[in-house]
1. So how strong a dipole does the stretch 38-88 carry about its Cα centre when Lys and Arg Cβ are +1 and Asp and Glu Cβ are -1, to the nearest 20 debye?
2. Which of the residue pairs LYS209/LYS319; LYS121/LYS217; LYS314/LYS339; LYS121/LYS314 have a Cα-Cα distance greater than 28 Å in the structure shown?
3. How many angstrom lie between the C-alpha centres of the stretch 97-135 and the stretch 69-89?
4. Could you give the radius of gyration (one decimal) and Dmax (whole number) of the Cα atoms in the stretch 1-122, in Å?
5. As I understand it, the dipole of the chain uses +1 on the Cβ of Lys and Arg and -1 on the Cβ of Asp and Glu, about the Cα centre. Which of ALA36, TYR289, GLY182 lies farthest toward its positive end?
6. Which residue, CYS260, CYS94, CYS174, has the most motion in a Gaussian network model of the chain that connects Cα atoms within less than 10 Å?
7. Report, in cubic angstrom per residue, the convex hull volume of the C-alpha atoms of the stretch 159-231.
8. Taking only C-alpha pairs under 8 Å that are 6+ residues apart, what is the relative contact order of the stretch 133-262 in percent?
Amino acid sequence: MSRNPEYQFISTDTTTLIAKLISAYELITGSVVRPASPEKLFINWIADVLVQERILNNYTGNQNLPSRAEGENLDSLGELFYIKNRPAAQPAVCTMRFHISAVQVSAVLIPSGTQVTDTGKELVWETTADAYVAIGNTYADVMVQCQTAGIIGNEYAAGQINVIIEPYAYYDHCENITTSDGGSDASTDDEYYELMRASQDAYSDAGAKGGYIYFAKKVSTEIVDVVANTPSPGQVNLYILMNDGAGASTEIKNAVLAACNDDFVRPLTDYVVADDPEPASYNIQFTYYIPNSLSLSAAEVQTAVNAAVDNYVKWQYAKLGRDINPSYLIGLLMQTGIKRLILTQPAFTVLSDGSDNTVPQIATVGTTTITNGGYENE
């Protein structure tokens, strides 16, 4: 749901206000206000002051409504909801494998706070708890988190984080064995408002879908959609969609499970599972024609067409269970200035949204073939 536009509590129409002031002045004084008279100039000044005050009053009124408030004003309204505070930025995490030079006769401590970085030394990661390389082993897998919160720490591929800053005893080498993920920026006003609305379902999570969805989404602002259903009695499946249209990483799933299995969240009889939606692939293929009278060049039209296709792909994967709808693609393309198009693919396809306790589907684009048919007369 998009946030509401500003509501006007008081009219700020200057023309109407000036007319009312002139009418009142003439009624009180019995004299006529001329267009260039000092009285008219003074009334114009009064009207300007009043309009500015009305604008401030409208702003104040809107900042007291969660659907329109911004920044700190929106934060202050959080106390009215289950979620009291705007979710802060979260650091990315990944699993590091720390190696020692040889098997030891006693466990080797990897201290909490052991720091590692990538070859370019752009970010620093650290362990958050003590860990040990067990007797008889030469490595231990340890979770590390980025010292810099936000999405900046995401997408470090396995092996990229491989430099230790302060070696511990018997240290040999290290590398991350999972891609870093889970980092998220602080919620925007729109995201925080949506969480406010969703949090109203969180006062009781006794099996309510809305409650599970709220607690799952609260884990990361990178989660764009969640479907909760019950494929079998006592089991709750949470299907998680990230804002890039992909399923959730292991780290995100673990964080969602931790949030939704909290003793104050999960009913005792529920078994919670975090899972991926089912991909539903589609292709894009069409030929478009440009009117001779169009002022844009063919290259400019091509750029606009490509942008329209990109927007369509993003729209398709922005929500679980969204039907593959070629009509939306046609609408976007016709706004680029083209005359007509012949759309071969995709065909309209109904996708499962998980409401019938099946696995929800997500539209994923396959091949894209765009053909410029050239110019045509109107």
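The values are calculated or read from the model by the stated rules, or taken from the named source; none is laboratory data. As the structure is a computational prediction, the values presented were derived from the model and not from experiment. Reconstructed Cβ throughout: ideal geometry from the backbone, glycine too, with neighbour counts over all protein chains shown. In case anyone asks, the SASA skips ligands and DNA or RNA and just uses the protein heavy atoms, side chains included. Shrake-Rupley method; radii C 1.70, N 1.55, O 1.52, S 1.80 Å.
1. Rounded to the nearest 20 debye, it is 140 debye.
2. LYS121/LYS217; LYS121/LYS314
3. So the two Cα centres are separated by 38 Å.
4. Rg, Dmax (Cα atoms, Å): 31.8, 107.
5. The residue sitting farthest along the positive end of the dipole is ALA36.
6. Result for the chain, Cα springs under 10 Å: CYS174 fluctuates most.
7. So the per-residue hull volume is 185 Å³.
8. 17 percent
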